[in-house]
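For reference, the structure discussed in these notes is given below.
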Amino acid sequence: MAASPVVAEVDLSGRGRLAGHLRVPQSRDDSGWGTILVPIVVVANGTGPTVLLTAGNHGDEYEGQVALLDLARSLDPAQVQGRVILLPAMHYPACAAGKRLSPLDGRDFNRCFPGDPFGGFAASLAHFVDSVLLPLCEFQMDLHSGGTGMDIVPSAVGHVLDDLEMQARTLAMADSFGAPVTLLLREVNAGPTLLAAAESRGIVALSSELGGGGRLNPRNLAITKRGVRNLLRHAGVLEGAPEPGDHGPSRRMTVPDLGHYVFAPMDGIWEATNQLGATVADGAPAGLLHRIEDPLAPPIPLSYREAGLLWCVRHAGRVKAGDPVAVIARDL
């Protein structure tokens, strides 16, 4: 594989607390040798595993970004055994713009893995994360929420895996995070994600969904801050056992297939029947899709196709054909 053109201006093998940037080439009309700086922090001491924690994969997902900024400032190197690599605003252009997609090229960074060293900003940064950072790690977690479009019950999320031993290790790591839900997900287009890239390298890896709605929810932020430290305890980087949340043990659940999704059949305004976190029945009304293009037509009713927890709901009112408006999780 070709070497990465991305330059790490921090010593990845250093000790203590080291803060710097990844310098990612981005040629422009007025700056042929231009670069974009992506913040990176390394906290390392003693001997132990390496944990890569990332946030800002999508720029409109805030709990992870703020939690990793807090961790970067507060994690005491003297208490660390191993190494923690933090990318609190991994897809920096999207984070600066507060958008899911890149303002540079419209790319979804979490659909760019394993990347291409010469494929433009997003692809070259994904290639660096995949080819340089992931091989250093034993554990990895990419912090997400529902962004501006969705709202989701706070969850540590892993993929449904064929390797049962790796599945068990993933579930144990997710349980330690301590979100209200530990979820195994079969998601739409999972192949080019960071989580899939980490899994392909044999790394115990997680994603998450920690709220959404385009806002920073204080309760979900508290869950995230506690969760990242719990994960470091689980990995052995910090001493002690993971701390439980006030919601009790994490509930193990799954979204095993697309039959647990409710998709909008056409453009419209979505009126949901239930609030996030409700228990719903198979065949029960999910909501109504209103079409402003045909003012005399009745709204289109949509129903759930599975029973379980209303784990994810559409937050934005306006939807397009093919958008999910609800996702149901069932107990694992």
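Of note:
Matching residues to (1) modelled with pLDDT of 95 or more; (2) at positive phi:
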| site | (1), (2) |
| --- | --- |
| 245 | no, no |
| 249 | no, no |
| 262 | yes, no |
| 275 | yes, no |
| 287 | yes, yes |
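- One residue stands out in region 148-176 among those that are free of Cβ contacts under 8 Å to residues at least 60 places away in the same chain and of a type in the set (A, V, I, L, M, F, W, C): the one that is surrounded by the most Cβ atoms within 10 Å (Cβ to Cβ), namely 157.
- Selection of region 14-59 for residues being within 21 Å of residue 204 (Cα to Cα) and surrounded by fewer than 21 Cβ atoms within 10 Å (Cβ to Cβ) yields 47, 48, 49.
- Taking each residue of region 36-56 that is more than 19 Å from residue 93 (Cβ to Cβ) and looking for partners that are acidic (Asp, Glu) and part of a loop (DSSP other than H, G, I, E, B) with beta-carbon atoms closer than 7 Å, six or more apart or interchain, yields 49/138; 50/138.
- All positions within region 21-38 that are in a strand (DSSP E or B) and in contact with a Gly (Cβ under 8 Å, 6 or more places away or on another chain): 25, 28
- Looking across region 282-305, the residues that are surrounded by 12 or more Cβ atoms within 10 Å (Cβ to Cβ) and within 17 Å of residue 330 (Cα to Cα) come down to 284, 286, 303, 304, 305.
- Any chance residue 117 is surrounded by fewer than 24 Cβ atoms within 10 Å (Cβ to Cβ), out of contact with any helix residue (DSSP H, G or I) (no Cβ under 9 Å at 6 or more places or on another chain), farther than 27 Å from residue 261 by Cα and assigned by TED's automatic domain parsing to the domain that holds residue 58: no
- Some residue of region 210-223 being part of a strand (DSSP E or B), more than 23 Å from residue 241 (Cβ to Cβ), of a type outside the set (A, V, I, L, M, F, W, C) and in contact (Cβ under 8 Å) with a residue 12 or more places away in the chain: yes
- Candidates in region 232-291 are the residues that are among the acidic types (Asp, Glu) and under 30 Å from residue 52 (Cα atoms); of these, the one that is nearest to the chain's Cα centre (by Cα) is 257.
- Taking region 255-309 and the strands (runs of 3 or more DSSP E) fully enclosed by it, the elements with 1 or more residues that are within 21 Å of residue 157 (Cβ to Cβ) and in contact (Cβ under 8 Å) with a residue 12 or more places away in the chain are at 261-263.
- Output for region 61-95, where each listed residue is among the β-branched types (Val, Ile, Thr) and within 29 Å of residue 315 (Cα to Cα): 66
- Test: residue in region 291-307 that is of a type in the set (A, V, I, L, M), assigned by TED's automatic domain parsing to the domain that holds residue 276 and under 20 Å from residue 209 (Cβ atoms): no
The values are calculated or read from the model by the stated rules, or taken from the named source; none is laboratory data. Treat the numbers as computed from the prediction; the structure is a model and nothing was measured. When we count neighbours, we look across all protein chains shown, and the Cβ atoms used for this are built from the backbone with ideal geometry, even at glycine.
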